[in-house]
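To start, the structure under review is shown below, and the notes come after it.
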Amino acid sequence: MRIKKGDVVIVISGPEKGKTGEVVAASPATQRVIVKGVNLVTKHQRPTNAKPDGGIEKREAPMHVSKVAYLDPKQKKATKIGYKFIEKDGKKVKIRFCKLSGTELSK
């Protein structure tokens, strides 16, 4: 999975299309991501000792990784992420980069 926690992504399909946000959590096993402020659902909470009032709260729900694309920091457009190997200090290092602008990504 090429989208990682901390990446800024844009939603490319579905009812939330066009919204952007940061990836809060990524689950490679299920191919799902949770994006901050996107795909909000209402959750009815029963009163517990931790939350004695209970109530209704909004929270982000996971969405499939195919519905989001990385947002290029330079061009402000959706882009694919590629990998390339560069040599640093005599060792090969795997680097992520934006295919649209060629910008190397941190991490």
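What the table below lists for this structure:
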quantity: The stretch 29-57, residues that are assigned to a loop (DSSP other than H, G, I, E, B) and exposed (fewer than 12 other Cβ atoms within 10 Å of the Cβ); calculated: 29, 30, 46, 47, 48, 49, 50, 51, 52, 53, 54
quantity: Long-range neighbours under 7 Å by Cβ, at least six apart or interchain, first residue exposed (fewer than 10 other Cβ atoms within 10 Å of the Cβ) within the stretch 78-107, second assigned to a loop (DSSP other than H, G, I, E, B); calculated: 107/4
quantity: Residues of the stretch 46-65 satisfying the condition of being among the acidic types (Asp, Glu) and touching a His at 6+ places or on another chain (Cβ under 9 Å); calculated: 57
quantity: Top-ranked residue in the stretch 58-77 [being assigned to a strand (DSSP E or B) and not hydroxyl-bearing (Ser, Thr, Tyr); ranked as surrounded by the fewest Cβ atoms within 10 Å (Cβ to Cβ)]; calculated: 58
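Only the coordinates and a few stated rules stand behind these numbers; no lab work does. Treat the numbers as computed from the prediction; the structure is a model and nothing was measured. Note: ideal-geometry Cβ built from the backbone for every residue, glycine included; neighbour counts use all protein chains shown.
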